[in-house]
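Data first, discussion second: the structure below is written as structure tokens.
The values are calculated or read from the model by the stated rules, or taken from the named source; none is laboratory data. This is a predicted model, so every value here is computed, not measured. All Cβ positions, glycine included, derive from the backbone under ideal geometry; neighbour counts span all protein chains shown.
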Amino acid sequence: MMGGGAPSRRRQWEAHMPGDAFGPFPDKPTTLAWYPSPSLSDLIRRFAKKSPYNHLGIALVDLSGGPSIGYAGWNDSRQIYVASLAKIGAMFAAFQLRKAVRAVSTQMRAVDADELWKSIADAWKPAVSHRAPNRPADFPKLKNIFSAKRSGDQWEIDFTDNHDDWQQIIKLGDGLPRGLGFRDRLKLMIGNSNNRAAASCIDDIGFQYLNGALAAQGLFEGGSGGLWIALDYGGHSWGSGVGGGWAQGATAYSVARFLALLETKQLVDLDSSNEMQDLMSFKGHYSSWFVNKLQAENRAPQRAYGKIGLDGTADDCAVIERSPTIDGKLKLIRYGAVGLGASGDDVLNGLIMKLDECMIEDERMAKSGSKYLWP
């Protein structure tokens, strides 16, 4: 399962004419140069067809820097409840909205920020408010999300921000004081997995824009699922999950695409990708099963970021970069890994070691030495 999805499946989500640089959504998903890896698929199949891994959603993306990105998955199109892991979808939608607002502001004549927000809402509401048919209408609360300041003939637009550092964010824990900026709430949502902050961010973005942005980027497809949020972590429901599925769900494939776009700096744009990687770099309360298990097995990553989900099952996604010695030579391996629907820590930790071994064995079998750090 590759690529951004068939246009016919996305027709229900079209919100503006292709080529509209000032519309609220991208006109097509970003092209990602990744291809099925027969060797990784074979390595995964060897263990994934057996219990306790056969029911999991699994994906592995080789991001080590070769000529192409290799992909392999198991149950990767199955829609799975992922709890807080789905918050990465809300984070992405916020940055996609910022990019779109910055672009359209260049076309708006407004004397102040309030008039700017009204002009954007007037232009976009027909495309956004009913992006997903047969769902309640809503629209981003732009004033709650962004600040806008005049700079000559242009607007400087960014998330509202109290500039709380990560130590302050950690101290807030699950709290949500009044007056926090939107960026501060993003930090709480991702770094602390704070449900109150997540609900606040999602309600400001709106379900229509959030899920519309995911669909426009090929992270959700009406015919096959993907990253999807229809419950805001605070009790506000937007209806059931797609096809009667989970209201906070994902496929392993959609999460792998998210990680691959993010690591290659193509998720929204370069600056947004860097900022999202920073948010996911475990600076808050929560770490990662991937990082913790690899560290415990003397395989500590030099660099890592990701997001967990935990509510009855254990879910994790991470980009891992480390330099093991393989056949006497130091090699750089970098990969995106996804494990969804594990019954507990033991199963997920076992999967983590299996996927890391898959990457090592795949490198061992590779004929090219282009990934060596040195001879």
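What the table below lists for this structure:
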quantity	calculated
Subset tally (residues that are among the polar types (S, T, N, Q), in a loop (DSSP other than H, G, I, E, B) and either touching a residue at least 24 places away in the same chain (Cβ under 8 Å) or crowded, with 16+ Cβ neighbours inside 10 Å (or both)) for the range 83-135	3
Residues of the range 50-81 satisfying the condition of being exposed (fewer than 14 other Cβ atoms within 10 Å of the Cβ) and within 24 Å of Ala366 (Cβ to Cβ)	Gly65, Gly66, Pro67, Ser68
Check on Ser287, out of contact with any helix residue (DSSP H, G or I) (no Cβ under 9 Å at 6 or more places or on another chain) and farther than 21 Å from Ala215 by Cα	yes
Selected residue (only one of Gly223, Gly218 is buried (at least 22 other Cβ atoms within 10 Å of the Cβ) and outside any helix (DSSP H, G or I))	Gly218
The listed residue being assigned to a strand (DSSP E or B), in contact (Cβ under 8 Å) with a residue 12 or more places away in the chain and in contact with a helix residue (DSSP H, G or I) (Cβ under 9 Å, 6 or more places away or on another chain), out of Asp174, Asp184, Asp158, Asp138	Asp158
Failed criterion for Tyr71 (all others in (1) assigned to a loop (DSSP other than H, G, I, E, B); (2) of a type in the set (Ser, Thr, Tyr); (3) touching a residue at least 12 places away in the same chain (Cβ under 8 Å) hold)	(1)
Conditions (1) over 30 Å from Ala215 (Cβ atoms); (2) modelled with pLDDT of 95 or more; number of the one not met by Ile308	(1)
Count - residues of the range 330-344 that are of a type in the set (D, E, K, R) and modelled with pLDDT of 95 or more	1
Filter pass, Ser272 being in contact with a helix residue (DSSP H, G or I) (Cβ under 9 Å, 6 or more places away or on another chain), among the polar types (S, T, N, Q) and either at pLDDT below 95 or closer than 30 Å to Ala247 by Cβ (or both)	yes
Candidates Met359, Met276 - the one that is assigned by TED's automatic domain parsing to the domain that holds Leu43, surrounded by 15 or more Cβ atoms within 10 Å (Cβ to Cβ) and in contact with a Phe, Trp or Tyr (Cβ under 7 Å, 6 or more places away or on another chain)	Met359
Residues of the range 135-176 satisfying the condition of being small (Gly, Ala, Ser) and farther than 15 Å from Ile120 by Cα	Ala137, Ser151, Gly152, Gly173, Gly175
Some residue of the range 76-83 being more than 29 Å from Asn192 (Cα to Cα), out of contact with any helix residue (DSSP H, G or I) (no Cβ under 9 Å at 6 or more places or on another chain), small (Gly, Ala, Ser) and at pLDDT 95 or above	no
From Ile190, Ile229, Ile202, Ile170, residue being surrounded by fewer than 23 Cβ atoms within 10 Å (Cβ to Cβ) and among the aliphatic types (A, V, I, L, M)	Ile170
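Matching residues to (1) in contact with a Pro (Cβ under 8 Å, 6 or more places away or on another chain); (2) among the hydroxyl-bearing types (Ser, Thr, Tyr); (3) surrounded by 18 or more Cβ atoms within 10 Å (Cβ to Cβ); (4) in a helix (DSSP H, G or I):
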position	(1), (2), (3), (4)
Ala148	no, no, yes, no
Gly179	no, no, no, no
Ala197	no, no, yes, yes
Tyr233	no, yes, yes, no
Ser240	no, yes, no, no
